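Working notes for the structure below.
The values are calculated or read from the model by the stated rules, or taken from the named source; none is laboratory data. All of these numbers come straight from a predicted model, not from anything done at the bench. Using ideal geometry, Cβ is built from the backbone for each residue, glycine included, and neighbour counts are taken over all protein chains shown. Side chains included, ligands, DNA and RNA excluded: accessible areas come from the protein's heavy atoms. Shrake-Rupley method; radii C 1.70, N 1.55, O 1.52, S 1.80 Å.
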Amino acid sequence: MSFKKKVALVFGVTGQDGSYLSKLLLKKNYQVHGIKRRSSTRNTERIDDIYEDINEAKNFYLHYSDLSDGLSIYHLIKKINPDEIYNLAAQSHVAVSFEIPEHTMIINTLGTLKILESIKIINPKIKFYQAGTSEMFGSSPPPQNENTPFYPISPYAISKLSAYWITINYRESYKIFACNGILFNHESPLRGETFVTQKIIKGLINIKLGKQKKLYLGNIYSKRDWGHAEDFVEAMWKMLQQKKPDDYVISTGKQYSVKDFIDISAIKLNMPITWRGVGLKEKAYLNDKVVIEIKLKYFRPSEVSSLKGNYNKAKKLLKWKPKYDIHSLIDDMINNEIDNFD
Ligand code: NAP
Ligand code: GDD
């Protein structure tokens, strides 16, 4: 008996989630194709280890494209004709989206449209996953679930909400198996350095080891529901294995402030910090030396202050629940950073 290998196409393969998802799919015996964009420096660090594994490398292919380039997207989808497409590619930084709102819309919104339009023309049987986000809830108070009204308050969130509705529209109009994951924040050792969790972990370790004097942050009172990317990519895959396409909140159901994240990390690193002052003058001290300061430039024009997801639907229908909690997440990030410290 011969089984046809499933084929997946991953947009955003070089990102945090793209790396975890590719490894998961390869373990499940998929042939994985990834889209990388041209950059002046190497951007494949997060997936280089796949090439080092002989078994994985033979099922893994990279192609140049870009979410701004509709024709190349069309031709690649036609050539590869995958069973499943995961759209993880995005200008994914909320603060940066206020600086480059037009680019954020072009990539996050129109990029999604380009993929779905190609699927519609080439093969509407291709299943599609869209990387939606808890940022779409914006100022709607927690706990947030699939029925919570959206109230996006950044160009990033608006671009993603538009892509969310495009995905639903193609599902309803053309019967495409298209799902939105509404994922809350998820982190890992592969998290980009300008997101707050990785900035805190790297900053504290650098300070502890004498490589950096201070860490500068913005709003430390916003609250997030932080999970681990390894858990969350499994939910993406599960969505595409259901009988019917649908949209799901993926989260941990637990909420911490940025300041909590700093305090937990500092305790784990054996750095007994104390906080003094308020507002922009609030500072963290280690042995009477200032190690963390608040800088106005890291505040956003509008801030999502409180996110906490209710993932009951995913638990019930996808049989999904997170394995990591905030402690095992931070342990993983710290251990990895210390192992790779130079
Ligand atoms: P990430 O690390 O920033 O990765 C983004 C990926 O998109 C990278 O591979 C990046 O390529 C690629 N990309 C950016 N612009 C592109 C373009 N114009 N054309 C093609 N590719 C482009 O993001 P992530 O944390 O893995 O998140 C994956 C997706 O989930 C994103 O859509 C994000 O918005 C969404 N999301 C993330 C979270 C979270 O907490 N991580 C939560 C909810 C939703 P380079 O490597 O070349 O930059
Ligand atoms: N990046 C950053 N840098 N954030 C800071 C800083 C800082 O120096 N200081 C405080 N923060 C606060 C932000 O204002 C925000 O309230 C919180 O830390 C988390 O910021 P990020 O780590 O940048 O993540 P995010 O919540 O804005 O967005 C991430 O999660 C979304 C899902 O809710 C990104 O991964 C998005 O792509 C994703 O959709």
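Take the conditions out of contact with any helix residue (DSSP H, G or I) (no Cβ under 9 Å at 6 or more places or on another chain) and assigned to a helix (DSSP H, G or I) and apply them to D17. Does it pass? Even if it seems obvious, please write down each step before you answer.
Numbers: out of contact with any helix residue (DSSP H, G or I) (no Cβ under 9 Å at 6 or more places or on another chain): no; assigned to a helix (DSSP H, G or I): yes.
No, not satisfied.
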Over region 48-87, the set of residues open to solvent by less than 20 Å² (accessible area, probe 1.4 Å) and modelled with pLDDT under 95 is I50
Quickly run through region 261-282 and pick out the residues that are of a type in the set (D, E, K, R) and under 17 Å from I201 (Cα atoms). D263, K268
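Would you call H228 modelled with pLDDT of 95 or more, under 22 Å from F341 (Cα atoms) and open to solvent by less than 40 Å² (accessible area, probe 1.4 Å)? Reasoning before the result, please.
Numbers: modelled with pLDDT of 95 or more: yes; under 22 Å from F341 (Cα atoms): yes; open to solvent by less than 40 Å² (accessible area, probe 1.4 Å): yes.
The answer is yes for H228.
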Being touching a Lys or Arg at 6+ places or on another chain (Cβ under 8 Å) and not in a loop (DSSP other than H, G, I, E, B) is the filter here; which residues of region 298-313 pass it? S306
Residue hits (region 233-279; surrounded by fewer than 21 Cβ atoms within 10 Å (Cβ to Cβ), within 19 Å of the chain's Cα centre (by Cα) and part of a strand (DSSP E or B)) are D247, Y256, S257
Within region 192-222, residues within 8 Å of ligand 2 (Cβ to nearest atom) and of a type in the set (K, R) come out as K199
Would you pick out the residues in region 113-153 that are surrounded by 22 or more Cβ atoms within 10 Å (Cβ to Cβ) and assigned to a loop (DSSP other than H, G, I, E, B)? I126, P152
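Out of contact with any strand residue (DSSP E or B) (no Cβ under 7 Å at 6 or more places or on another chain), without any contact (Cβ under 8 Å) to a residue 12 or more places away in the chain, open to solvent by 50 Å² or more (accessible area, probe 1.4 Å) and more than 25 Å from I158 (Cα to Cα): does that describe K321? Explain how you work it out, then say what you get.
On the way: out of contact with any strand residue (DSSP E or B) (no Cβ under 7 Å at 6 or more places or on another chain): yes; without any contact (Cβ under 8 Å) to a residue 12 or more places away in the chain: yes; open to solvent by 50 Å² or more (accessible area, probe 1.4 Å): yes; more than 25 Å from I158 (Cα to Cα): yes.
So K321 passes the test.
Which of the residues that make up region 199-225 are part of a helix (DSSP H, G or I) and either among the charged types (D, E, K, R) or open to solvent by less than 10 Å² (accessible area, probe 1.4 Å) (or both)? If you could, list the steps in order and put the result at the bottom.
Quick first cut of region 199-225, residues part of a helix (DSSP H, G or I) only: 199-208.
Matches in region 199-225: K199, I200, I201, K202, G203, L204, I205, K208.
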Scan region 65-83 for residues that are within 16 Å of ligand 1 (Cβ to nearest atom) and not polar (S, T, N, Q) and jot them down. D66, L67, D69, G70, L71, I73, Y74, H75, L76, I77, I80
Residues located in region 11-41, provided they are more than 9 Å from ligand 1 (Cβ to nearest atom) and either more than 20 Å from the chain's Cα centre (by Cα) or within 17 Å of A131 (Cα to Cα) (or both): S22, L24, L25, K27, K28, N29, Y30, Q31, S40, T41
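Within the bounds of region 175-198, is there any residue that is surrounded by fewer than 18 Cβ atoms within 10 Å (Cβ to Cβ) and more than 15 Å from ligand 1 (Cβ to nearest atom)? Step through it out loud before you land on a result.
Here is the first cut: in region 175-198, the residues surrounded by fewer than 18 Cβ atoms within 10 Å (Cβ to Cβ) are 175, 192-195.
Retained after the next criterion (residues that are more than 15 Å from ligand 1 (Cβ to nearest atom)): 175.
Checking region 175-198: at least one residue is surrounded by fewer than 18 Cβ atoms within 10 Å (Cβ to Cβ) and more than 15 Å from ligand 1 (Cβ to nearest atom).
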Under 25 Å from E135 (Cβ atoms) and surrounded by fewer than 17 Cβ atoms within 10 Å (Cβ to Cβ), is that true of Y298? yes
Which numbered condition D288 fails, given (1) surrounded by fewer than 12 Cβ atoms within 10 Å (Cβ to Cβ); (2) at positive phi; (3) at pLDDT 95 or above: (3)
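Could you tell me whether N219 is among the polar types (S, T, N, Q), closer than 25 Å to P141 by Cα and away from ligand 1 (no atom under 16 Å from the Cβ)?
Details: among the polar types (S, T, N, Q): yes; closer than 25 Å to P141 by Cα: yes; away from ligand 1 (no atom under 16 Å from the Cβ): yes.
Yes: the conditions hold for N219.
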Identify, please: which residue in region 42-64 is away from ligand 1 (no atom under 15 Å from the Cβ) and part of a loop (DSSP other than H, G, I, E, B) and is, among those, farthest from H93 (Cα to Cα)? K58
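Among the residues in region 52-73, are any within 16 Å of ligand 2 (Cβ to nearest atom) and farther than 17 Å from K114 by Cα? Give the steps one after another, and end with the answer.
Initial filter on region 52-73 (within 16 Å of ligand 2 (Cβ to nearest atom)): 67.
Narrowing further to those that are farther than 17 Å from K114 by Cα: none.
There is no residue in region 52-73 that is within 16 Å of ligand 2 (Cβ to nearest atom) and farther than 17 Å from K114 by Cα.
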What are the residues in region 276-309 that are of a type in the set (D, E), touching a residue at least 12 places away in the same chain (Cβ under 8 Å) and more than 8 Å from ligand 2 (Cβ to nearest atom), if any? E282, E293
From the list L9, L25, L76, L21, which residue is touching a His at 6+ places or on another chain (Cβ under 6 Å), within 22 Å of K238 (Cα to Cα) and either touching a residue at least 40 places away in the same chain (Cβ under 8 Å) or within 16 Å of ligand 2 (Cβ to nearest atom) (or both)? L9
